[in-house]
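The values are calculated or read from the model by the stated rules, or taken from the named source; none is laboratory data. All figures in this text were calculated on a predicted structure; none of them were measured in a lab. Cβ placement follows ideal geometry from the backbone for every residue including glycine, while neighbour counts extend to all protein chains displayed. What goes into the accessible areas is simple: the full protein's heavy atoms, side chains included, and nothing from ligands, DNA or RNA. Shrake-Rupley method; radii C 1.70, N 1.55, O 1.52, S 1.80 Å.
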Amino acid sequence: LLSNYSRDYYEDSKGNRITMDSNIRFSKFVDSHSFVEEYGWILSAFTIFEIKFNYKNKSKLKKLLRRNPLTQSRCSKYLLGFSMLRGFSYT
C-alpha cells in the first residue's frame with residue numbers, strides 16, 4: 001500500500017498543534033516500477049485533522065471543539081487505504 005497526501009501544520013502561542021491531511025490517495029504496491037501504471041491512485045474524500053496539545057489545555061480545547069461541526073474519531077490512513085483498495089468500509 002502506498003499513500004500520498006498534502007499536510008498543513010498549524011500551531012498557536014500555547015504550543016497546541018494541528019495537522020491537516022488532505023488530497024489523500026492510495027495505490028497498490030507490487031514493486032517500485034509498476035505501481036502507478038498498473039493500479040493508479042484511489043482518492044479519498046476525507047480530510048484528517050490531528051490535534052496535539054498540552055494536557056493543561058484540555059478543557060479549553062474541548063469547549064472550542066464542541067462549538068464546531070466536526071466529528072471526532074480515530075483514523076488510520078493505512079487502514080483507510082487498505083479498506084478502499086480491498087472494497088470494504090473502514091469508517
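GLU50 exposes around 90 Å² of accessible area when a 1.4 Å probe is run over every protein chain in place. Net charge in the neighbourhood of GLU50 (other residues with Cβ under 13 Å of its Cβ; Lys, Arg +1, Asp, Glu -1) is +2.
Within 13 Å, Cβ to Cβ, of TYR90, how many net charges do the neighbouring residues add up to if Lys/Arg are +1 and Asp/Glu are -1? Display every interim value, and only then the final one.
Working: positive: ARG74, LYS77, ARG86; negative: none.
Net charge around TYR90: +3.
At 0.36 nm per residue, minus the direct Cα-Cα distance, what do ASN16 and TYR78 gain on full extension? Give it in nm, one decimal, please. Mind showing how you got there, number by number?
Details: separation 62, 0.36 × 62 = 22.32 nm, distance 2.52 nm.
Full extension from ASN16 to TYR78 adds 19.8 nm.
Given a 1.4 Å probe and the protein chains as shown, PHE88 ends up with an accessible area of around 100 Å². Taken one residue at a time, the phi angles of segment 77-83 give Karplus couplings (6.51, -1.76, 1.60, θ = phi - 60°) of 4, 4, 5, 4, x, 4, 5 Hz. Gly and Pro are set to x. Can you return the lysines within cross-link range of LYS14? Criterion is Cα-Cα under 25 Å, with same-chain partners fewer than 8 residues away left out. Within the straight-line limit of under 25 Å, LYS14 reaches these lysines: LYS52, LYS56, LYS58, LYS60, LYS62, LYS63. Label separation (VAL30 vs PHE49): 4.1 nm, computed from points 7 Å beyond Cα along the C-beta direction.
Convex hull volume per residue, computed on the Cα atoms of the chain, equals 115 Å³.
Per-residue ellipticity at 222 nm for the chain, helices alone: DSSP H runs ≥ 4 residues times -39500 (n - 2.57), over residue total, nearest 500 deg cm²/dmol? Show your work: numbers first, answer last.
Numbers: 3 runs with 24 residues, N = 91.
Per the formula, -7000 deg cm²/dmol.
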